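Undergrad: Mind looking over this structure? Questions follow.
The values are calculated or read from the model by the stated rules, or taken from the named source; none is laboratory data. The structure presented is a predicted model; accordingly, all values stated were derived computationally and were not measured. FYI the Cβ positions are ideal-geometry reconstructions off the backbone, even for glycines, and counts take in every protein chain you see. The area values use the complete protein model at the heavy-atom level, side chains included, leaving out ligands, DNA and RNA. Shrake-Rupley method; radii C 1.70, N 1.55, O 1.52, S 1.80 Å.
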Amino acid sequence: RKIVDRQSRWRPRELQFEQMEEEQRRSAARVTELLNQLPNLQHLEGSVFSLLLRARQHSFPADQSKGAASPDVAGVAGIAGVAPALEAVDGIGARLQVLHLVDLYAADLLGLLPSGTEGAMSSSSPSCPKLQKLFLLNLPSAHPGLTAKVICKFLPQAPELKELQLDFQYFDPALWDLEALEALIARVQAEPSKVSKLILDWCRLGDAGVKCVCTALARHVRANAGVKELSLAHCELKDLSHVCEMLETPQLALTSLDLSANSFGDDEGVKLAKSLPFSSIKELRLRDSQVSERMPVKTKWSWGC
């Protein structure tokens, strides 16, 4: 039911996809086919599965007669160094409940989609109908907006998704395509999404990116629905104005907020303390923080608690 690759995300694999010979790539693709034969498989975790999905796309490209991929999808697939294949590993996505991928390119997700471009864009027959948790860690630093677009296109394929976690390799926050970022968060927050936990630690958002996140969450607010747990830890955040505006949005379902390890100090902390009573927040995390202001809700200040 559960297969975990114990390779540490902090120590890259010795054999990278780009270094593999053609026969090695085909062998990796055949491993993916073998996984498809495990009837009770529900949980895949580790960097090796990103490599296997990439090898599957490379070795068994989709029938080009079914249509070309959209420019956004093709662009991310090109960054990945693979063809923009949309052919699925039939059956794997249909059973998975947890998918935890490391060192992937967003285009690797296309290995879970139905055959043909039409299937990739349609949610009428989702390819991952049971998926509840999706963790995409150490995403590439190049073109984060394109990565956000592909993830946004993938989400309708997982209509039961409850938890989404993203993080990126280092890049300048100015590289974000803010429209793509806001569209992704809107997809997560708006109907019919069931995502209630959104973790954006290490997403290099900066103040402008956090503004997009907060704006999208507030604009698509749903009473007693939508994102209830939000983490913006390690996001290079200095200005809490937009966070405070979001918190004061009527009927916002958010009850847990993590702002740990950011760069704001007491001046911003005062703003936060004034906005929290107007919110539904019950738990706040300010670990590794420069704030000394007392907060009016339960607050975790250290990593050990």
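Undergrad: Between Arg1 and Arg294, what FRET efficiency comes out of the Förster formula 1/(1 + (r/R0)^6) with R0 = 51 Å and r the beta carbon distance, rounded to 0.05?
TA: 0.65
Undergrad: Students often forget the sequence filter, so: which aspartates and glutamates lie under 14 Å Cα-Cα from Lys298 once same-chain residues fewer than 8 apart are removed?
TA: Cα-Cα hits under 14 Å: Asp258, Glu283.
Undergrad: How about Lys2: which lysines have a C-alpha closer than 20 Å to its C-alpha, ignoring those fewer than 8 places off in the same chain?
TA: Qualifying lysines at Cα under 20 Å: Lys130, Lys133, Lys162.
Undergrad: Do any trypsin sites (Lys or Arg not before Pro) in segment 234-305 lie in a DSSP loop with no more than 15 other beta carbon atoms within 10 Å, and if so, which? List each step's numbers first, then the result.
TA: Values: sites: Lys238, Lys271, Lys274, Lys282, Arg285, Arg287, Arg294, Lys298, Lys300; in loops: Lys238, Lys282, Arg287, Arg294.
Sparse-neighbourhood loop trypsin sites (Lys or Arg not before Pro): Lys238, Lys282, Arg294.
Undergrad: Something else now. Determine which lysines satisfy two conditions relative to Lys300: a Cα distance under 20 Å, and not lying fewer than 8 residues away in the same chain.
TA: In chain and number order, the partners are Lys197, Lys228, Lys238, Lys271, Lys274, Lys282.
Undergrad: Cα gyration tensor of segment 164-305, axes a ≥ b ≥ c as square roots of the eigenvalues: rounded (a/c below 1.5), prolate (a/b > b/c) or oblate?
TA: oblate
Undergrad: Gain in length, Glu179 to Ser241, computed as 0.36 nm per residue apart minus the alpha-carbon separation, to one decimal in nm?
TA: 20.4 nm
Undergrad: Using each residue's phi in segment 247-257, evaluate 6.51 cos²θ - 1.76 cosθ + 1.60 at θ = phi - 60° and report the 3J(HN,Hα) Karplus result to the nearest Hz, with x for Gly and Pro.
TA: 4, 8, 5, x, 6, 5, 7, 4, 10, 9, 9
Undergrad: Rounded to the nearest percent, how much of the accessible area of segment 194-305 (1.4 Å probe, protein heavy atoms only) is carbon and sulfur?
TA: Looking at segment 194-305 in its full context, I get 47 percent from C and S.
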